[in-house]
1. Give just the number: which of (1) touching a residue at least 40 places away in the same chain (Cβ under 8 Å); (2) surrounded by 13 or more Cβ atoms within 10 Å (Cβ to Cβ); (3) under 37 Å from the mean Cα position of the chain (by Cα) does Glu256 not satisfy?
2. Could you list, in sequence order, all residues of the range 1-16 that are within 16 Å of the ligand (Cβ to nearest atom) and open to solvent by 40 Å² or more (accessible area, probe 1.4 Å)?
3. Looking at Leu85, Leu24, Leu48, Leu52 in this structure, which one is away from the ligand (no atom under 16 Å from the Cβ), in contact with a strand residue (DSSP E or B) (Cβ under 8 Å, 6 or more places away or on another chain) and in contact (Cβ under 8 Å) with a residue 60 or more places away in the chain?
4. Would you tally the residues in the range 17-43 being open to solvent by less than 50 Å² (accessible area, probe 1.4 Å), over 19 Å from Asp111 (Cα atoms) and assigned to a helix (DSSP H, G or I)?
5. Report whether or not Ile57 is more than 12 Å from the ligand (Cβ to nearest atom) and of a type in the set (Val, Ile, Thr).
6. Checking Ala133 against (1) surrounded by fewer than 14 Cβ atoms within 10 Å (Cβ to Cβ); (2) in contact with an Asp or Glu (Cβ under 7 Å, 6 or more places away or on another chain): exactly one of these is not met. Which one?
7. Going by what's in this entry, would Glu320 be described as touching a Pro at 6+ places or on another chain (Cβ under 6 Å) and open to solvent by 60 Å² or more (accessible area, probe 1.4 Å)?
8. Starting from residues that are open to solvent by less than 70 Å² (accessible area, probe 1.4 Å) and in a loop (DSSP other than H, G, I, E, B), keep the ones in the range 259-269 and report whichever is farthest from Ile280 (Cα to Cα).
Amino acid sequence: MTPSRGRILCIEDNHVNWRLVERLLAQAGFETHWAPEGLQGFQMARELLPDLILLDINLPGLSGFEIATKIRQQPELATVPLVALTAKTQRSDRETALVAGCSGFIPKPIDPFRFVEQVSAYLEGRQDRVDQAREGQVLRQFNQQVVEHLESQLRDAQDANRKLVEAQEALESRNRTLSDLLELSRSLLGEREPRALLERILKALVPALGLTQASAYHMDSSGGFLEGLRLSRGAVAALPLLPVDAPLPRLLLGQEGSGPLLGEQLHHSRFWDPGLEIGIWAAPCQACLVPFRDRSDPGTFWGFLALARAHDRPFLPREEELVALHSGMCQAGLENATLIVSLNESSRALGSSYERLESAYLDLQTTRTALGQKERQAVLGELFLGMAKRLERPVFTLQRESAVLAGLFSSPQDPGPRVCREEAPRAIQELRSACGQIDSLLKALIRRSGRESPATPEWLDLHDLLLQEMEFLEAEGVLPEGVEVKWALEAGDRLLHGVYGDFAGLLSRLVAHATGGPQPSPVIWIRSSSDGGLFRLEIQDEGGPILPESLGGAFEPFTGLRSPEAVLGLRRPGEGLPACAQILSAYQGRASIRNEGDGTLVELQLSLR
Ligand code: MN
């Protein structure tokens, strides 16, 4: 890169001029810089400290003369050659440039063949001068020019300020309008009645636009008519129904677009006369027509809004915008109202289908109950069969032994069976035992039939009681279907003097515990053993373990209420266990529970003495 012949700053607002200056100077080996505006040029001059400044006089904002004065007031720029570039070729302008501080002047348009030479001359120190005699006059002229320019700038500033104030007022009014609109849209949210909705829109628009009357029509739910209302002189009135095939709706139906139609455009449109006919405007007036169209389906026509006001008050763009905003809101409100109505219908439809569902569910439950009853009947049938079988043996014994006894007491001449007298005590013993078995079975049946006698203690065979009661529990459904009971009754001593119902209740509670876990136990074991006057009963299940901290309180009343498992959905000790503990304490017995295998094991100990 060759060393530059000098650094030149050109302050020029015209881009084309600048390109020419740049080309000529760059070709001649100068370093060039450009500022398109006076104050920016001044700033660049301070930073660049150029070897020469070319200054256009006719600049926007501060003129070239003013910039020249400003540059000259900077000490570091006081001696930089400053050359005016101007089309103003009159002598007074040249003199003004010199008075303002320029070293000289190059006329526009630039002469490309002489330009570099002209610039070089000023670089080398050329300094044009004003005629001494004229200097005072030129200075005065320059001052006057500056003052005039300042005045014009002041006027511009005042003008700009006025426009700013106007713009601000417009903005404020717009802001007010928007907050009114916002308020209106909030209040419209809950409005489902198209008529009430339209009335509110009209009541907002009439004062905001100074309307003489405002009308609104909306499609009737049948789709055959438009219902309308009008606000005029503060009073709302319903309008006659307008058939969809009346001229104005028909025209609107056939046309797309939802923007307001107003002023001359409306006056000369095909909508004008049909509008006159139905009285939504009256000549002469300024009118505005806004169709309501579905926002998601512009082909769907919902109705329209018609506004009218004095002939000498044409609608301003701002007002047109206001109308568009209101009608948009109105449309949204109408759509919402329709949506809400259809939602209500859907929710009613849902409600009735839910009712149908509910009745179907009830039917299902009835069927299930009936099925359950059938099963119950089957189980009961088995129960009776079991009882009949159990009765078979004692009844057979009764028959056989009564025959033995009958033989004993028959006459010696009788050719029937001869029985030895020594057999009598045994036969009587067998009879008694058989009667006892039948008696206990009958008692059990009577108890279960609900005609239980008051709790009187009696001698109970605990094994018989357990087996018998389990059959009842199965029949009653306390023992869930599918649960297998595995017995291991091995107690030799099992006769206990007590109240039958106590032990029946004990068993049913233990079974409820064993089968009451979240995962039903598929099997429960019932084991018994006896040792030195102690009867031991175990009930074990596979219904899942219980939190160890809850096992301790399993036989204490009310612990279930504050147990953490209730929250966690885990298995809890059976609710009947505390009652078991109470029954046992009446018989000097005790109970314990522990986790065992896949479930729990409850152990009871009873003293038989
Ligand atoms: Mn210019």
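The values are calculated or read from the model by the stated rules, or taken from the named source; none is laboratory data. What you see is a predicted model, and the numbers here were worked out from it, not measured in a lab. So basically every Cβ, Gly included, is an ideal-geometry build from the backbone, and we count neighbours across all protein chains shown. For the accessible areas, the whole protein counts, side chains as well, though only heavy atoms, and no ligand, DNA or RNA atoms are used. Shrake-Rupley method; radii C 1.70, N 1.55, O 1.52, S 1.80 Å.
1. Answer for Glu256: the failing condition is (2).
2. Asp13, Asn14, His15, Val16, listed by residue number.
3. Working: Leu85 fails: away from the ligand (no atom under 16 Å from the Cβ); Leu24 fails: in contact with a strand residue (DSSP E or B) (Cβ under 8 Å, 6 or more places away or on another chain); Leu48 fails: in contact (Cβ under 8 Å) with a residue 60 or more places away in the chain.
Only one candidate qualifies: Leu52.
4. Residues in the range 17-43 being open to solvent by less than 50 Å² (accessible area, probe 1.4 Å), over 19 Å from Asp111 (Cα atoms) and assigned to a helix (DSSP H, G or I): 3 in total.
5. No; evaluated as a whole, the condition is false for this residue.
6. For Ala133, the exception is condition (2).
7. Values: touching a Pro at 6+ places or on another chain (Cβ under 6 Å): yes; open to solvent by 60 Å² or more (accessible area, probe 1.4 Å): yes.
Criteria met by Glu320.
8. Checked the range 259-269; the qualifying residue farthest from Ile280 (Cα to Cα) is Gly259.
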